[in-house]
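Enquirer: Dropping the structure in here first, questions after.
The values are calculated or read from the model by the stated rules, or taken from the named source; none is laboratory data. Everything numeric in this text was worked out from a predicted model, so none of it was measured. Methodologically, a virtual Cβ is constructed for each residue, glycine included, from the backbone with ideal geometry; neighbour enumeration extends over all protein chains shown. Accessible surface is based on the protein model in full, side chains and every heavy atom, while ligands, DNA and RNA are left aside. Shrake-Rupley method; radii C 1.70, N 1.55, O 1.52, S 1.80 Å.
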Amino acid sequence: MAGKLIKAPRGTQDILETESYQWQFVERMALETAGLFGFSEMRTPVFEQMDLFKRSVGDTTDVVQKEMYEVRAEKGKDLYGLKPEGTAGAVRSAIEHNLLKGALPLKVCYITPCFRHERPQAGRLREFHQFGVEMFGAQSPSADVEVICVARELFQMLGLKDITLNINSIGCPTCRAEYHKALTEYFRQYSDQLCGTCLERLDKNPMRILDCKSPVCSELAKNAPVVLDYLCDDCKTHFEGVKTRLEAIGIPYQVDPTIVRGLDYYTKTVFEFISNNLGAQSTVCGGGRYDGLVEQMGGDPAPGLGFAVGLERLLLIMQAQGIEIPKPESCELFIASMGEAANIRACKLVNELRSEGFYAECDLMGRSVKAQMKYANKIGAKYTMVLGDSELESGTAKLKDMESGEEREINFQQELAQTLYDITIQRATENLADDFGGEALASMMEMK
Ligand code: ATP
Ligand code: MG
């Protein structure tokens, strides 16, 4: 009896073998870009103690109150959470392994799946992926700007257009106290209109109301006092320092006093990169400072800051902007064979070629030569060669260029790898000529 089909959970996406090259490309670019700024990859578990997220992300945030996935081993007692973001784990790990006692600033980055129980829609999933960076130990506004530059550099490397940077400062605990008072007073006038969650937040954490997605709360938030008017001198100076440096480097930005970010740990600078290719989910990257978080999580006090880019959203923008991601090289040579002895020889030859670094294939299906050639075509093999009894006897076979149809006779035992190597070099030279123009290449050769 056929089993019932089990489907992937709602809000998740399979990354199929035909599209994974796009992810590999973007992830490679992300790690390479981070590397240019001195950020090294860190990998932390997909699940952590539930308290880690409650204490860092904050237990009055939407992420913790509404979106967490809880995990409990069938036989265990401990409650874990699937990570909804990457900072909490990175901070935990940095403290646990005494990384903050080493050379500062500490610069780490990560690529990780994240889990949030949200209503799935385009660019909003329940399992999604983030590339993020975190920097610890640096107070200076230069650090804020360096972190912003990592994201910007990545977008530029990938060729994204029309990504705008919005920044704000949400102050430190000192200035926040005054601001909280003003916010509570403001929202209290409308306590009969606020949603249930925000009513609870009114005394505990009124800034979270600014981040509420319910239509009434977000309408009321529009006229709420803005945090920029409440900054203490230290926070003001820091924010000015960030803006001055952005201008000095030539990075366009806008100050958006409504950005508060959805996670509790932020202090001072917060920022978002926005794209108009994403519809309602316009934020492709969010980040900021979290100067109190390390201490709050049990480490010695150390400032921190970082950002996370949503990779699904990044790929959506690339798609919308028609940015082509280079496809992996297709099969260099398919060796078709007729009969057992020829198939054995084909197996041996493709293995030798792979040791030389060529992508080569032979028949694994016991197909007719005609069907093997059809398959070679399907996988886009650049060259094919047919081995039969007479080829085995003579030691020579015809190497066929599948694009031009041209054939050349070669001694397959002695010349195969060398011939493929020559072809590869020739193709690379032609591509260079295409990219730079024949004349430029000719002058380059002359210079040599
Ligand atoms: P949003 O306002 O869109 O819900 P957020 O403020 O909750 O975003 P962050 O917690 O700052 O997002 O996460 C950083 C980035 O991760 C976002 O800018 C976005 O690109 C991506 N992201 C967040 N939640 C999701 C999700 N459910 N699905 C896909 N990507 C997401
Ligand atoms: Mg969100």
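Enquirer: Find, to one decimal place in angstroms, the Kirkwood hydrodynamic radius of segment 78-169, where the mean of 1/r is taken over every pair of different Cα atoms and then inverted.
Expert: For segment 78-169, the Kirkwood estimate is 15.6 Å.
Enquirer: Okay, next question. Can you name the helices of the chain, as whole DSSP H runs, whose Cα span along the helix axis is 27 Å or more and whose Kyte-Doolittle mean is not below -0.5?
Expert: 416-436
Enquirer: Give me, ordered by chain and number, the residues 5 or more places off residue 130 or on other chains with an amide H under 5 Å from its own placed amide H.
Expert: Residues meeting the amide H criterion: 112, 114, 311.
Enquirer: Another question, then. Cα to Cα, under 21 Å, and not fewer than 8 places away if on the same chain: which lysines meet these conditions relative to residue 378?
Expert: Within the straight-line limit of under 21 Å, residue 378 reaches these lysines: 327, 370, 398, 400.
Enquirer: Let me ask something else about it. Could you give the alpha-carbon Rg of segment 25-65 over 2.2 N^0.38 Å, rounded to two decimals?
Expert: In units of the 2.2 N^0.38 Å rule of thumb, it is 1.66.
Enquirer: With bins 10 Å wide starting at 0, give me the P(r) of segment 222-304 over every alpha carbon pair, in whole percents.
Expert: Per 10 Å bin, starting at zero, the Cα-Cα P(r) for segment 222-304 comes out as 14, 41, 35, 9, 0 percent.
Enquirer: Starting from the Cα coordinates of segment 83-130, work out the convex hull volume and express it per residue in Å³.
Expert: Taking only Cα atoms, segment 83-130 has a hull volume of 68 Å³ per residue.
Enquirer: Ranked from the most accessible area to the least, with a 1.4 Å probe and all protein chains present, what is the order of 145, 255?
Expert: 255, 145
Enquirer: So if each residue of separation counts as 0.36 nm, and I subtract the Cα-Cα distance between residue 276 and residue 12, what length gain in nm does that give?
Expert: Extending this stretch completely gives an extra 92.7 nm.
Enquirer: Report the local net charge at residue 162: Lys and Arg +1, Asp and Glu -1, summed over other residues whose C-beta lies under 15 Å from its C-beta.
Expert: Every neighbour counted, the sum reads +2.
Enquirer: Can you report the principal axis dimensions of segment 1-140 using only the alpha carbons, biggest first, rounded to whole angstrom?
Expert: Answer, in whole Å and largest first: 62, 40, 27 Å.
Enquirer: Let me ask something else about it. Taking only the C-alpha atoms, wrap a convex hull around segment 333-447 and report its volume per residue in Å³ as a whole number.
Expert: Once divided by residue count, the hull of segment 333-447 is 118 Å³.
Enquirer: Further question: Work out, step by step, the length gained on full extension between residue 232 and residue 424: first 0.36 nm times the residue separation, then minus their alpha carbon distance; give nm to one decimal.
Expert: Net length gain for the segment: 62.8 nm.
Enquirer: In addition: Given all pairs of different Cα atoms, what value in angstroms does the Kirkwood hydrodynamic radius of segment 202-347 take?
Expert: About 19.8 Å, per the Kirkwood formula over Cα pairs.
Enquirer: Note down the net charge around residue 417, summing +1 for each Lys or Arg and -1 for each Asp or Glu among other residues with Cβ under 14 Å from its Cβ.
Expert: Around residue 417, the charge tally is -3.
Enquirer: So how compact is the chain: Cα radius of gyration and Dmax in angstrom?
Expert: Using the Cα atoms of the chain, the pair Rg, Dmax is 28.6, 95 Å.
Enquirer: Multiply the residue separation of residue 19 and residue 66 by 0.36 nm, subtract the distance between their alpha-carbon atoms, and state the gained length in nm to one decimal.
Expert: 13.7 nm
Enquirer: Carbon-plus-sulfur fraction of the accessible area of the chain, 1.4 Å probe, in percent?
Expert: Whole-percent figure for carbon plus sulfur exposure: 50.
Enquirer: Still on this structure, please answer the following. If each DSSP helix of 4+ residues adds -39,500 (n - 2.57) and the sum is divided by the residues in the chain, what number results at 222 nm, nearest 500 deg cm²/dmol?
Expert: Computed ellipticity for the chain at 222 nm equals -12000 deg cm²/dmol.
Enquirer: Taking loop as defined by DSSP and a crowding limit of 15 other beta carbons within 10 Å, which GluC sites (Glu not before Pro) in segment 20-96 fit?
Expert: 74
Enquirer: With a 1.4 Å probe and all protein chains in place, put 211, 192 in order of accessible area, largest first.
Expert: 192, 211
Enquirer: Farthest toward the dipole's positive end in the chain, which of 151, 399, 436, given Cβ charges of +1 (Lys, Arg) and -1 (Asp, Glu) about the Cα centre?
Expert: The residue sitting most towards the positive pole is 151.
Enquirer: Any chance you could list P(r) for segment 203-266, counting all Cα-Cα pairs in 5 angstrom bins from zero, rounded to whole %?
Expert: 3, 14, 20, 22, 18, 12, 8, 3, 0
Enquirer: Among 37, 171, 316, pick out the residue whose Cα is farthest towards the positive end of the charge dipole of the chain, where Lys and Arg carry +1 and Asp and Glu carry -1 on C-beta, about the Cα centre.
Expert: 171
Enquirer: Now a separate question. Whole number in Å², please: accessible area per residue of the chain, 1.4 Å probe, ligands, DNA and RNA not counted.
Expert: 53
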